[in-house]
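The values are calculated or read from the model by the stated rules, or taken from the named source; none is laboratory data. If you're wondering where the values come from, they're calculated on a predicted model, not measured in any experiment. In this analysis, Cβ positions are derived from the backbone assuming ideal geometry, glycine residues included, and neighbour counts consider all displayed protein chains.
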Amino acid sequence: MLTRIDHIGIACRDLDAAIAFYQSTFGLILVSEETNVEQGVREAMLALSAGPPAPNPLAANPLAQPGPLPAGLAGPSYVQLLEPLGPDTPVGRFLARRGPGIHHVGYGVADIEVALAAIAATGVRLVDARPRHGSLGASIAFLHPGDVGGVLTELVEPAAQ
Ligand code: CO
């Protein structure tokens, strides 16, 4: 169901400084910057530098069917940097409590409605019962960290290419 790691969300106090750090230290590529008032953040998506295409991980599995990669398995991975718009926002409260650091993990899914229904049926609580707008035009939804071992978990159905 989870096809790949789409992004790691990292809370920071100064978005511009964090972007500069990831660019100069790791060579990440700034793809977008947006303000999401609904979520109370300024955010940036930085792509990992493009390398050769990854081998199909299913090729080593003798039970896997030959053929193209399942939908959503291929695609870029990002670091998502999050600066709160104020202290009384989810990321603002996270920073006050925990300081800068990893805030959430975003996993790719091929169909977010199908994935949400299947996950809810297992008893995991959904923060977002319905998908909403995320970075780069994706549809996203968060799962309750209390039911995912303390990890705030986001599902990401990327925008159609
Ligand atoms: Co995210």
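Using beta carbons and a limit of 8 Å, which pairs, at least six apart or on different chains, have the first residue in the range 25-36 and at negative phi and surrounded by fewer than 14 Cβ atoms within 10 Å (Cβ to Cβ) and the second one part of a strand (DSSP E or B) and among the β-branched types (Val, Ile, Thr)? The qualifying pairs are 35/41. When residue 124 is tested against (1) touching a residue at least 24 places away in the same chain (Cβ under 8 Å); (2) closer than 19 Å to residue 80 by Cα; (3) in a loop (DSSP other than H, G, I, E, B), only condition (2) is not met.
Could you list all residues from the range 116-161 that are more than 15 Å from the ligand (Cβ to nearest atom) and crowded, with 19+ Cβ neighbours inside 10 Å? Answer for the range 116-161, where residues must be more than 15 Å from the ligand (Cβ to nearest atom) and crowded, with 19+ Cβ neighbours inside 10 Å: 116, 119.
Once the range 75-89 is narrowed to residues that are in a loop (DSSP other than H, G, I, E, B) and at pLDDT 95 or above, the residue that is surrounded by the most Cβ atoms within 10 Å (Cβ to Cβ) is 89. Could you check how many residues of the range 4-22 are in a helix (DSSP H, G or I) and surrounded by 14 or more Cβ atoms within 10 Å (Cβ to Cβ)? The total comes to 5.
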